[in-house]
Amino acid sequence: MPRTIKKAAEKKPDTRARNFATIVYPESAPEHWQETLAECFVPAFISPLHDQDINPGGEQKKPHYHVVVMFEGKKSDAQVKEIFDAIGGVGLERVNSIRGYARYLCHMDNPEKAQYAPEQVRSLCGADYTGTIGLVTDKYKAIKEIIAYCKEKDVFSYADLLEY
């Protein structure tokens, strides 16, 4: 076996990831945990307080926040655990789809669950929540609304549309 092929075959699997999530319970988190997270200078989203979630058995879940952090490069679980420990995070989950998880912060794709307002999601360190949750179908819906508006208001000039 040529040397370069042998090295590739012996390579250990990469167990690091770029996006991670945790849950924070207000009752056990440090007082200023959100500020502590912001001081890590890692883009992150903090969900609205989930205080209306129900367990499958019908009882109400403890109020909690979902937190997702997004690194520019891959990090190990141990590196991320340091941050989550500092904010009182419970658990560490690797996030495969940042769009999917960001939408989950408000249960956008889970109509059977309590719904939370997307404008209440807190974005830290340059994280763009609105841009992250957007779907291609949202763009076509917006274009359809623009066309309907133009027809309704007799807008024929692109300049008039831009002024609106």
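The values are calculated or read from the model by the stated rules, or taken from the named source; none is laboratory data. Please read these numbers as outputs of a predicted model, since none were measured by experiment. Because the Cβ atoms are built from the backbone with ideal geometry, glycine has one as well, and the counts that use them run over all protein chains shown. Note: areas computed on protein heavy atoms with side chains; ligands, DNA, RNA excluded. Shrake-Rupley method; radii C 1.70, N 1.55, O 1.52, S 1.80 Å.
Working from Cα pairs under 8 Å separated by at least six residues, relative contact order for the chain is 28 percent. Dipole of the chain computed with +1 at Lys/Arg Cβ and -1 at Asp/Glu Cβ about the Cα centre; of A44, A29, Q60, farthest Cα towards the positive end is A44. Here the stretch 54-113 is treated with +1 on each Lys and Arg Cβ and -1 on each Asp and Glu Cβ, and its dipole about the Cα centre works out to around 100 debye. Rounded to the nearest 10 degrees, the inclination of helix 77-87 to the longest alpha-carbon principal axis of the chain is 70 degrees. Over the stretch 66-164, accessible surface divided per residue gives 67 Å², non-protein components excluded, 1.4 Å probe.
Taking every protein chain into account, the 1.4 Å probe leaves S97 with about 60 Å² of accessible area, to the nearest ten. Within the stretch 54-164, what whole-number % of the accessible surface is contributed by carbon and sulfur, with the 1.4 Å probe and all protein chains included in the calculation? It is 53 percent, rounded to a whole number. Between the Cα long axis of helix 136-153 and the first principal axis of the chain there is an angle of about 10°, rounded to the nearest 10.
Computed with every protein chain present, the accessible area of T130 is close to 110 Å² [probe 1.4 Å]. Dipole size of the stretch 40-139 about its Cα centre, with +1 on Lys/Arg Cβ and -1 on Asp/Glu Cβ: approximately 180 debye, rounded to the nearest 20. In summary, the stretch 57-99 shows an alpha-carbon radius of gyration equal to 1.40 times the 2.2 N^0.38 Å reference for compact globular proteins. Taking L105, L49, L135 in turn, the Gaussian network model of the chain (Cα-Cα springs below 10 Å) assigns the largest fluctuation to L135.
From the coordinates of this entry, volume of the Cα convex hull per residue in Å³ is computed, and it appears in (i) 103; (ii) 221; (iii) 122 under the label (ii). Using a probe of 1.4 Å, the accessible surface attributed to E163 totals some 150 Å² when neighbouring protein chains are kept in position.
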